[in-house]
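Asker: Below you'll find the structure I mean.
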Amino acid sequence: MALDKDNILQQLAEIIAEETGIRPEDITPTKSFADDLDIDSLSIMTIFTLAEDAFGVEIPDDAVKDLATVQDAVDLIANA
Amino acid sequence: MIAGTAVRPGAQILAVGGVRGSQRITNEQVAQAIDSSDEWIRSRTGITTRARAEPDVTVLDLAEGAARHAIEGSGLAPTQIDAVIFGSVTYFQQTPAAAPTLADRIGATGAAAFDLSAACAGYCYGIGLADALVRSGAATHVLVAGADKLSEFVDPADRTISFILGDGAGAAIVGPSSRPKIGRTIWGSDGAKAGFVGQNLGFREAFAAGIWPTLRQDGPTVYKWAVFTMAKIALEAITAAGLSPSEIEVFIPHQANLRIIEQQVKRIGLSSEVVVATDITETGNTSAASVPLATERLLRERPDLGGKLALQIGFGAGLAYAAQVIELPTPADV
């Protein structure tokens, strides 16, 4: 069953919040991981590995490295 | 008919020794060449300094110091050591191997001696082998040395790995025990990921180009494997020892990156009371030496940890890994 992007955003925000301590309401689609949320490449790798389990999808490591915004992440999961 | 071999009920680590490179290189000293800062290196790796040896100190010199330290702690005479395993990726000579020279230098006359190439997993591979050699009767006292002088593999301008690397050697003496004090080793490799960490060029290619090879890694990919795959391997090692994560009292992982260590504690599900080795903050990543050096520091700073149950895990280039639960040595074991 394809996941609704709003649901993906909500669940992903919860994972990010759990890992980083950032408030879920601050994790909005246009935010940049590096510049706005101060999340580095190692934390992104942790978040995406947890997201793979949570959403039951497989995401190539190389795709994760190219992510810029939260919306990019939602799209990647939706299309996985 | 071939006569049977005596099989022993168990093996134990009798003592651990270590030597670090004498220089402490600060983050400021390595940051400029990679357009970085002390703050960036600390937040990414937890490292504040890395130990590096003087140019005239060889990896064998470091190993000899660590071996002598371990032998002294064991109370054994060097001649009682009948096997020497030397794990390293920075002994730059294919043959003869380093281990026979190390055995000769420390007075382990006539010991079986061989080198082991498993990078950052080298020491834990060696402990697994030593445990098997002692239990099978093939050896009685085994010296396992993990030694690396990684400063000789550093490219100062490389942002992927060079700035975390240090120099040092650790060694353990493994001997017989009336009960198992080393749990079953869970080990393996994933050669499909061989390209993610290691030399940037083989020696033949590098020399043809007139350069010396240095190390590189794909940090995020290795990080993911080190955290999530290694947490599963660690849990297998705990189960193989007949224990649960809450029973592990000390955690001594390869000192690759403090972020990896912190995530491993979480993913394995270790107790909040567990003592975690963090020698990396001062020593840096010393590859095969990192687990025994971290053990040496813990036992020096916290002698009360003798006899405690410790999970140790080595992982790195190969990709290769090995994990086992051990009972930390105490003077009473000798």
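Asker: In segment B:260-334, which GluC sites (Glu not before Pro) fall in coil by DSSP and have 12 or fewer other Cβ atoms within 10 Å? Walk me through the numbers on the way to the answer.
Answerer: Working: sites: B:Glu262, B:Glu273, B:Glu282, B:Glu296, B:Glu301, B:Glu327; in loops: B:Glu273.
Here the sparse-neighbourhood loop sites are B:Glu273.
Asker: Shifting gears a bit: Can you tell me the equivalent ellipsoid semi-axes for segment B:186-333? Use √(5λ) from the Cα gyration tensor, largest first, whole Å. Walk me through the intermediate numbers first.
Answerer: Values: eigenvalues 182, 61, 34 Å².
Each semi-axis is the square root of five times an eigenvalue, giving 30, 17, 13 Å.
Asker: Moving on. Label B:Glu72 and B:Gln199 with points 7 Å out from Cα along Cα→Cβ: what is the distance between them in nm?
Answerer: 3.5 nm
Asker: Taking Cα centroids, how far is segment B:197-248 from segment B:22-62 in Å?
Answerer: When both Cα centres are located, 20 Å separates them.
Asker: Please figure out what share of the DSSP beta bridges in the protein assembly as shown is antiparallel and state it in percent, rounded to the nearest 5. The partial results should precede the final answer.
Answerer: Working: 39 of 56 bridges.
Given both bridge residues lie in the protein assembly as shown, the antiparallel proportion sits at roughly 70 percent.
Asker: Using a Gaussian network model of chain B whose springs link C-alpha atoms within less than 10 Å, name the residue from B:Gly75, B:Gly314, B:Gly168 with the highest mean-square fluctuation.
Answerer: B:Gly75
Asker: Can you tell me which of B:Thr185, B:Thr48, B:Thr160 moves the most in a GNM of chain B? Springs connect C-alpha atoms under 10 Å apart.
Answerer: It is B:Thr160.
Asker: Around B:Gly183, under 10 Å between beta carbons, what's the net of Lys plus Arg minus Asp minus Glu among the other residues? Write down the numbers at each step before the final one.
Answerer: Working: positive: B:Lys181, B:Arg184; negative: B:Asp131, B:Glu327.
Its environment carries a net charge of 0.
Asker: Which semi-axes, in whole Å and largest first, does the equivalent ellipsoid of the protein assembly as shown have when worked out from the alpha carbon gyration tensor as the square roots of 5 times its eigenvalues?
Answerer: Working: eigenvalues 301, 124, 70 Å².
Semi-axes (√(5λ), whole Å): 39, 25, 19.
Asker: Follow-up question, since we're still on this one. Set Lys and Arg Cβ to +1 and Asp and Glu Cβ to -1, take the dipole of the protein assembly as shown about its Cα centre, and tell me which of B:Pro329, B:Phe196, B:Ile71 lies farthest positive.
Answerer: The listed residue farthest towards the positive side: B:Ile71.
Asker: Given C-alpha coordinates of chain B, what is the ratio Rg to Rh with the Kirkwood estimate of Rh?
Answerer: On the way: Rg = 18.8 Å, Rh = 19.7 Å.
Using Cα coordinates only, the ratio equals 0.96.
Asker: Something else: In the protein assembly as shown, if the dipole is taken from +1 on Lys/Arg beta carbons and -1 on Asp/Glu beta carbons about the Cα centre, which of B:Ile261, A:Val57, B:Pro9 is farthest to the positive end?
Answerer: Sorting the options by dipole projection puts first B:Pro9.
Asker: Here's a follow-up. Let me check I've understood the local charge: for B:Ala310, count other residues with C-beta under 9 angstrom from its C-beta, Lys and Arg +1, Asp and Glu -1. What total comes out? Provide the component values of the computation, followed by the final result.
Answerer: Numbers: positive: B:Lys308; negative: B:Glu249, B:Glu327.
Result for the local shell: -1.
Asker: Averaged across A:36-43, how many Cβ atoms of other chains sit within 10 Å of each residue's Cβ atom?
Answerer: Numbers: counts 0, 0, 1, 0, 5, 4, 12, 4.
That average works out to 3.
Asker: Given a 10 angstrom Cα cut-off, can you work out which residue in B:Arg42, B:Arg179, B:Arg297 is the most mobile in a GNM of chain B?
Answerer: Sorting by GNM fluctuation, first place goes to B:Arg179.
Asker: Separate question: Using only helices, what value at 222 nm comes out for chain B when you add -39,500 (n - 2.57) per DSSP H run of length 4 or more and divide by the total residues, to the nearest 500 deg cm²/dmol? Kindly include the intermediate steps, with their values, before the conclusion.
Answerer: Details: 11 runs with 103 residues, N = 334.
Helix-only estimate at 222 nm: -9000 deg cm²/dmol.
Asker: Quote the charge dipole size of the protein assembly as shown about the Cα centre in Debye, to the nearest 20; the model charges only the Cβ of Lys and Arg (+1) and of Asp and Glu (-1). Walk me through the numbers on the way to the answer.
Answerer: Working: 31 positive and 52 negative charges, 323 e Å.
In debye, rounded to 20, the protein assembly as shown gives about 1540.
Asker: Using the crude model of +1 on Lys and Arg Cβ and -1 on Asp and Glu Cβ, and no other charge, please compute the dipole size for chain B relative to its Cα centre, in debye to 20. The partial results should precede the final answer.
Answerer: On the way: 27 positive and 33 negative charges, 142 e Å.
Charge dipole, chain B, about its Cα centre: 680 debye, nearest 20.
Asker: Counting only complete DSSP H runs, which helices of chain A cover 30 Å or more along their long axis at the Cα atoms and score a mean Kyte-Doolittle of 0.0 or above? Numbers along the way, then the final one.
Answerer: Values: long enough: none.
Going by DSSP H runs, there are no hits.
Asker: In chain B, which helices (entire DSSP H runs) extend 18 Å or more along their own long axis, judged by Cα positions, while averaging at least -0.5 on the Kyte-Doolittle scale?
Answerer: On the way: long enough: B:59-74 (22 Å, 0.23); B:122-136 (21 Å, 0.65).
What comes out of the filter, once short or polar helices are dropped, is B:59-74, B:122-136.
Only the coordinates and a few stated rules stand behind these numbers; no lab work does. Keep in mind the model is a prediction, meaning the values are calculated, not measured. Because the Cβ atoms are built from the backbone with ideal geometry, glycine has one as well, and the counts that use them run over all protein chains shown.
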